[in-house]
Amino acid sequence: MIDEPKKTFKRNAGLAEQVGAKAARKLKAQRNATPGVWSGLGVMGLVGWSVVVPTLLGAALGLWLDRRYPGGRTWTLALLMAGMTLGCLNAWHWVSQEDQAMREEQENDDE
């Protein structure tokens, strides 16, 4: 009667080890999975919008300034370029942050 709890404990320990090993394999597979086409399109869309929004805002502000204060200078072109520059810097910063996070995750997986 005393040996039965020991057998049950050993059986449960073996089951827990199997479940733990399967869970670890699944987590590793999820981390190392190749992103799909939709994921790549989503990232491209995010980067694209981070450039487009400041560019359009700059152009809209420039048009408003040109209508409000007509003169020899064209605010639309200047603010369009400023918005595009700001958007490109924003996209570059975002992509570099994501790249750094992926590298750190990969280094942690290698350890």
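Between LEU56 and ASN108, the contour length at 0.36 nm per residue exceeds the Cα-Cα span by 14.7 nm.
Among 62-74, 87-99, the peptide with the highest mean count of other Cβ atoms within 10 Å heads the list, and the full ranking is 87-99, 62-74.
Each other residue within a Cβ distance under 15 Å of ARG73 adds +1 if Lys or Arg and -1 if Asp or Glu, for a net charge of +1.
Rule-based calculations on the coordinates, nothing more; no lab input. Here the structure is a predicted model, which is why all the values come from computation and not from measurement. Glycine gets a Cβ as well: all are built from the backbone with ideal geometry, and neighbour counts include every protein chain shown.
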